[in-house]
Amino acid sequence: MAKLSIIVLQYNHSDRTLACLESLRVFDADVIVVDNASEVEHLKNVEFWISSRKLKNFKLLTSKENLGYSGGNNIGIKYALEHGAEKILLLNNDVVLHELPKGEADIVGAEEGIVLGIPYVSGAVMIIKKHVFEKIGLLDERFFLYYEDVEFCQRARKAGFSISCVPLKFDHAISATTSSLGAANLLYYHSRNGLLLKKLPFWKFWTKLKQRIKILLGKDIEISKAILQGIEDYDKGQFGIRPK
């Protein structure tokens with residue numbers, strides 16, 4: 001049986017992380033938790049949970065700064081590959097898993113969708129074979145948050161790898177990270193990363209015009225400024241976390 005490593009990324013919300021980890025105890029897999037510079041309380045909660053249960057197959061890695069979905073998961077992916085993983089399961093910390101994804105494809109997911117005409121499986125539950133990373137590399141850290149799973153699937157498909165979505169028993173809560181971002185931050189990442197994913201010159205021109213008119217009219221000013229900032233940062237090559 002191919003060695004499986006499960007990577008769980010945490011940024012605060014340790015209550016959800018612990019529920020996720022509890023569901024993983026029954027599986028024959030290494031579990032790697034990557035803490036993405038959470039508040040100390042949430043980091044300590046996970047440390048205590050792992051140490052108190054003496055689970056040798058659970059490992060906690062920490063980052064000194066919030067590297068986003070891509071950067072945080074890449075820490076875990078590198079560690080897993082260095083320690084012999086043949087398959088890697090990326091799992092959101094707000095997922096409670098009742099069974100492991102099964103499938104012969106190079107990338108197997110449990111949720112699928114289409115963004116800007118690009119089909120993909122969600123990074124909330126995504127199992128990836130080792131040779132995919134060896135050929136196309138890791139997750140693109142420019143995205144920071146949103147669409148990195150879409151881009152990874154697009155890159156994998158172009159390289160000739162197979163992707164499938166399979167039925168799976170799991171519970172997926174509404175993302176606490178997404179809900180805490182607020183509409184302005186959400187639309188900043190969507191506008192910037194959408195352009196990074198697929199160049200849309202007409203959309204960019206029309207959206208900039210529309211948002212500037214809305215600002216002049218005093219409508220949704222904070223949101224319009226966030227969208228414009230996303231477009232401007234794309235043009236400047238400013239990626240990663242949203243600058244303050």
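Annotations for the structure displayed:
- Residue within region 178-188 that is over 17 Å from the mean Cα position of the chain (by Cα) and closer than 25 Å to Lys87 by Cβ present: no
- Which numbered condition Lys54 fails, given (1) within 26 Å of Glu39 (Cβ to Cβ); (2) touching a Phe, Trp or Tyr at 6+ places or on another chain (Cβ under 9 Å); (3) surrounded by fewer than 21 Cβ atoms within 10 Å (Cβ to Cβ): (2)
- Exactly one residue out of Leu60, Leu89, Leu81, Leu55 is at pLDDT below 95 and either touching a strand residue (DSSP E or B) at 6+ places or on another chain (Cβ under 9 Å) or small (Gly, Ala, Ser) (or both): that is Leu55.
- Test for Ser52: is it in a helix (DSSP H, G or I), farther than 26 Å from Ile107 by Cα and of a type in the set (Ser, Thr, Tyr): yes
- Checking Ser162 against (1) more than 20 Å from Glu141 (Cβ to Cβ); (2) of a type in the set (S, T, N, Q); (3) surrounded by 15 or more Cβ atoms within 10 Å (Cβ to Cβ); (4) within 21 Å of the chain's Cα centre (by Cα), the condition it does not meet: (3)
- Scanning region 153-186 for residues that are assigned to a helix (DSSP H, G or I) and either on the phi > 0 side of the Ramachandran plot or at pLDDT below 95 (or both) turns up Ala176, Thr177, Thr178, Ser179, Ser180, Leu181, Ala183, Ala184, Asn185, Leu186.
- Ser52 in the same structural domain as Leu97 (by TED's automatic domain parsing), in contact (Cβ under 8 Å) with a residue 12 or more places away in the chain, farther than 17 Å from Tyr79 by Cβ and of a type outside the set (D, E, K, R): no
- Selected residue (criterion: farthest from Asn92 (Cα to Cα)) from residues of region 141-159 that are surrounded by fewer than 19 Cβ atoms within 10 Å (Cβ to Cβ) and in contact with a helix residue (DSSP H, G or I) (Cβ under 7 Å, 6 or more places away or on another chain): Ala159
The values are calculated or read from the model by the stated rules, or taken from the named source; none is laboratory data. What you see is a predicted model, and the numbers here were worked out from it, not measured in a lab. Ideal geometry is used to build each Cβ from the backbone, glycine not excepted, and the neighbour counts take in all protein chains shown.
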